[in-house]
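The values are calculated or read from the model by the stated rules, or taken from the named source; none is laboratory data. From a predicted model like this one, the values you see are computed outputs, not experimental measurements. Cβ: placed from backbone, ideal geometry, glycine included. Neighbour counts: every protein chain shown.
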Amino acid sequence: MILDGRKRESMVRAVETILSGGIVGFPTETVYGLGADAFNDEAVKKIFKLKNRPLADPLILHIADHKQLYEVASEVSELALKLIGKFWPGPLTLIFKKKSKVSPLLTAGLETVAVRMPRNIIATSLIKNTGTIIAAPSANKFQSISPTTAQAVDSEFGSDLEIILDGGPCLVGLESTIISVVKEPKILRLGGLSIEEIEKVLGIKLSVERKSGDLAKGLEAPGMMEFHYAPKKPLTLIKESVLESEFTPAYFTSKAVICFSEIQEAQLLKRGATDIHVLSKSGNMQEAARNYFETLRKIDHSDLKGIICIEVPEEFLGRALNDRLRRAQHR
Ligand code: TXA
Ligand code: MG
């Protein structure tokens, strides 16, 4: 059931649900999450079951104040503190060495734990009012598209999910960036905070973990799996440069096209495309990121046969968006 997350009575119900071992859908600035009390194993198991998520895929712990970090992380480096000081609350998840009280269920047996402090006020109120740490993956079925509205969460789980707090569309629209700060900093997932911004603060170049593969072989972040964030319809990714030449109107028959700007839209119209979805008229990357998952979801529910996406510029949030697009075309 969708409840208005800004209303006191909705918050009270959500808090009661979490504290009695239930699951709550809630907004964050990145995407909606599926939250449970991180210190209640039975509740955490329900998340995996509801999502059809393999137990080998660990969860992110959501905190609302800095003291909570020290409940679960055993080592917090100077570099981590620098990132925290600059980017928390916000779309950045950090991987630390874990304390023994963190259940192996949360970390898939790893000795590390993922922690993030969201910026969304409904998320932080939920964490503060429960007085616990909330474990939460994105509120979608395993390997499908992340939800950026309460309605999208509802369409994934329906009556299987008791409460969804509605906080409107997510401001960032892409999942958090994940950085391991266990040893040398390493980006494990591109996301809602750009590498450029992080590198500026640290004054160093960061490496992006490109490993992909399957859970059984042990991944550092299963968000790196080749097949992930996928719509149900086949998706083809094309470079902007080929728009000039290679296509005839037949190519676009029964297909939706997702493009980045009004300029690309004009080129597509010339090539004969008809069902065009522009992520940001003005070519603004933040707006494009915010609209991406919802656009994909809408097309996925239509009776079109496929999706064509034009790559976005490979910089700032564009890197994270292209990363999602590449994975979405992989089947
Ligand atoms: O923006 C977000 O991060 C959203 C919102 C709800 O906070 N959450 C989210 O969670 O995207 P999820 O479960 O869909 O993705 C979490 C990713 C997974 O790829 C998981 O493998 C990785 O975080 N992860 C969790 N714990 C980890 C660990 N100890 N080491 C490496 N990766 C970890
Ligand atoms: Mg996810």
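With respect to (1) at pLDDT 70 or above; (2) surrounded by 12 or more Cβ atoms within 10 Å (Cβ to Cβ); (3) among the acidic types (D, E), the lone exception for E226 is condition (1).
Across segment 9-27, not a single residue is classified as within 30 Å of R297 (Cβ to Cβ), touching a Phe, Trp or Tyr at 6+ places or on another chain (Cβ under 9 Å), more than 16 Å from ligand 2 (Cβ to nearest atom) and outside any helix (DSSP H, G or I). The set of residues in segment 44-72 being away from ligand 1 (no atom under 11 Å from the Cβ) and either without any contact (Cβ under 8 Å) to a residue 60 or more places away in the chain or of a type in the set (D, E) (or both) consists of K46, K49, L55, D65, H66, K67, L69, Y70, E71.
Residues considered: K205, K128. Of these, the only one that is away from ligand 1 (no atom under 14 Å from the Cβ) and part of a helix (DSSP H, G or I) is K128.
Go through segment 38-90 and report how many residues are outside any loop (DSSP other than H, G, I, E, B), small (G, A, S) and out of contact with any helix residue (DSSP H, G or I) (no Cβ under 8 Å at 6 or more places or on another chain). Full working, then the answer.
Here is the first cut: in segment 38-90, the ones outside any loop (DSSP other than H, G, I, E, B) are 41-51, 60-62, 66-73, 78-87.
Checking the rest, the ones that are also small (G, A, S) come to 43, 73, 80, 85.
Cutting the leftovers down to out of contact with any helix residue (DSSP H, G or I) (no Cβ under 8 Å at 6 or more places or on another chain) gives us 73, 80, 85.
Matching residues across segment 38-90 total 3.
Counting the residues of segment 51-91 that are hydrophobic (A, V, I, L, M, F, W, C), surrounded by 19 or more Cβ atoms within 10 Å (Cβ to Cβ) and within 16 Å of ligand 2 (Cβ to nearest atom) gives 3. For segment 285-323, a residue qualifies if it is part of a loop (DSSP other than H, G, I, E, B) and over 21 Å from S241 (Cβ atoms), and the qualifying residues are H301, S302, D303, L304, K305. For segment 97-114, the criterion of being crowded, with 20+ Cβ neighbours inside 10 Å, outside any loop (DSSP other than H, G, I, E, B), within 16 Å of ligand 2 (Cβ to nearest atom) and modelled with pLDDT of 95 or more is satisfied by at least one residue. Against the numbered list (1) within 16 Å of ligand 1 (Cβ to nearest atom); (2) of a type in the set (S, T, N, Q); (3) within 13 Å of L161 (Cβ to Cβ), T17 comes up short only at (1).
When segment 115-141 is limited to residues that are more than 16 Å from ligand 2 (Cβ to nearest atom) and of a type in the set (S, T, Y), the one that is nearest to the chain's Cα centre (by Cα) turns out to be T124. If I filter segment 173-182 for residues that are crowded, with 23+ Cβ neighbours inside 10 Å and more than 24 Å from L279 (Cβ to Cβ), do I get at least one hit? Looking through segment 173-182, at least one residue is crowded, with 23+ Cβ neighbours inside 10 Å and more than 24 Å from L279 (Cβ to Cβ). Applying the set (1) surrounded by 15 or more Cβ atoms within 10 Å (Cβ to Cβ); (2) of a type in the set (G, A, S); (3) more than 12 Å from ligand 1 (Cβ to nearest atom) to G35 leaves exactly one unmet item: (3).
Within segment 266-294, the residues that satisfy the criterion of being among the polar types (S, T, N, Q) and either surrounded by 21 or more Cβ atoms within 10 Å (Cβ to Cβ) or free of Cβ contacts under 8 Å to residues at least 24 places away in the same chain (or both) are T274, S280, S282, N284.
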